[in-house]
């Protein structure tokens, strides 16, 4: 495995930190999730198992070992110090002030272990007027311009999927790999910093460049696209589909498919941006075409014409899609007390020369505490005493 021998301490919460660490675990890193005695709040979001562990927890914490620890106590700080001595990477998506308070900031960690890499993600970074503020995914969505452009003119919407959190985790994992590569050359660790606001602005940067250079303040237009068309959701006789028509050749194929070849030479639709500007008419044409067909029939005709289209699936339908099975994306992982194996999707990439580590479920609360502390030199009586004091 590419990351065999790399130890990661995961102090992360919810998505940005834990998913970064999970990606490293997928390729062989030994990831120790450190949570409060009894479990952190993020363990219990959308519970799916008898112990209250939740759906998000199953995905975010696969293949990790669990150590429960009261990290603010004197004994907890000493255990953290010993763990840092053995670690290659520390992941902590906490505000900078919280990192300093817990001695998890890079300055404190590097004194203990100059080779350690700290990967941290916060809402707003460590400088500026909002640096001390907390925030979740929706904050990044809202402040990047994407919420304003989603929905209708009098009702913006945020995305239900926390894409800013996930993308921040991806950026942080990328940063960790860069830092590991740099450490190979210098022998020294460094701090990898990510933020929800920075990620959200990076993802929406084309929109802000458009405004900066063209001076156009784009307005929400439902499910249509401002720079392509017909890009929209359409109702068929028995369900919904989406199309995203980008580029002259695809637009021509779409026009022929729906029996409107004259649209190809219509000056109103001569470019992607013009097709977006005049997208309401294109969506109306496509909606009339879809209304006469079942969902499967519409998708079949569009596929034959090589027009990008897909069904709008519910969560209950998504993993039953045959293409998902064909790609081998789902890896069932049984968790104690869950009614069935959790259909976990790990890093959706494939390396031609190496596979991921064998799939392993998320840990129960403190499942590996004794083993981890024993490896640090704690005896059975010492561990029992720590447990009696609710330190672990």
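Just so you know, all these numbers are worked out from the coordinates, no wet-lab data involved. This is a predicted model, so every value here is computed, not measured. Backbone-built Cβ (ideal geometry, glycine too); neighbour counts: all protein chains shown.
Angle between the Cα long axis of helix 295-304 and the longest principal axis of the chain, 0 to 90 degrees, nearest 10?
The two axes meet at around 80 degrees.
Sticking with the crude label model, points 7 Å out along Cα→Cβ, report the distance from residue 301 to residue 341 in nm, one decimal please.
Here the answer is 4.1 nm between the modelled labels.
Does segment 198-269 come out rounded, prolate or oblate, given a ≥ b ≥ c as the square roots of the eigenvalues of its C-alpha gyration tensor, rounded meaning a/c under 1.5 and, failing that, prolate meaning a/b above b/c?
oblate
Can you tell me what share of the DSSP beta bridges in the chain is antiparallel? A percent to the nearest 5 is fine.
45 percent
Given labels modelled 7 Å from the Cα in the Cβ direction, how far is it in nm from residue 209 to residue 319?
Taking the simple label geometry, residue 209 and residue 319 are separated by 3.8 nm.
Would you kindly work out the equivalent ellipsoid of segment 232-312 from its C-alpha gyration tensor and give its semi-axes, the square roots of five times the eigenvalues, largest first in whole Å?
Taking √(5λ) for each eigenvalue gives 20, 12, 11 Å, largest first.
What 222 nm value per residue comes from the helices of the chain, counting each DSSP H run with n ≥ 4 as -39,500 (n - 2.57) and dividing by all residues, nearest 500 deg cm²/dmol?
On the way: 17 runs with 157 residues, N = 392.
Dividing the helical sum by the residues of the chain leaves -11500 deg cm²/dmol.
Just check segment 80-186 against the gyration tensor rule for me: Cα atoms, a ≥ b ≥ c as the square roots of the eigenvalues, rounded for a/c under 1.5, and otherwise prolate or oblate depending on whether a/b exceeds b/c.
Judged from the Cα gyration tensor, segment 80-186 comes out prolate (a/c at least 1.5, a/b above b/c).
Mind sorting 288, 277, 42 by how few other Cβ atoms lie within 10 Å of their own Cβ, fewest first?
Details: 288 11, 277 14, 42 18.
Ranking 288, 277, 42 by Cβ neighbours within 10 Å, fewest first, gives 288, 277, 42.
Would you mind calculating the gained length between residue 353 and residue 163 on full extension (0.36 nm times residue separation, minus the Cα-Cα distance), in nm to one decimal?
Using 0.36 nm per residue and subtracting the Cα-Cα distance, I get 65.5 nm.
How tilted is helix 163-186 with respect to the longest principal axis of the chain? Cα atoms for both, answer in degrees (0 to 90, nearest 10).
Here the helix axis deviates by roughly 50 degrees.
Could you please rank 105, 375, placing first whichever residue has the fewest other Cβ atoms within 10 Å of its Cβ?
By the 10 Å Cβ count, ascending, the order reads 375, 105.
Measuring from centroid to centroid over Cα atoms, what is the spacing of segment 203-218 and segment 303-333 in Å?
When both Cα centres are located, 33 Å separates them.
Take the alpha carbon gyration tensor of the chain, find the square roots of its eigenvalues, order them as a ≥ b ≥ c, and report rounded if a/c is under 1.5; if not, report prolate when a/b exceeds b/c, else oblate.
It is prolate, given that a/c is not under 1.5 and a/b is the larger ratio.
For segment 283-301 and segment 240-282, what is the separation of their C-alpha centers, rounded to whole Å?
After rounding, the separation between the Cα centres reads 15 Å.
Only counting other Cβ atoms within 10 Å, I'd like 257, 290, 20 sorted with the fewest neighbours first.
257, 290, 20
Alpha carbon centre of segment 152-178 versus segment 28-93: separation in Å?
With segment 152-178 and segment 28-93 each reduced to a Cα centre, they are spaced 22 Å.
Does anyone have the angle between helix 279-291 and the longest principal axis of the chain? Alpha-carbon axes, 0 to 90°, nearest 10?
90 degrees
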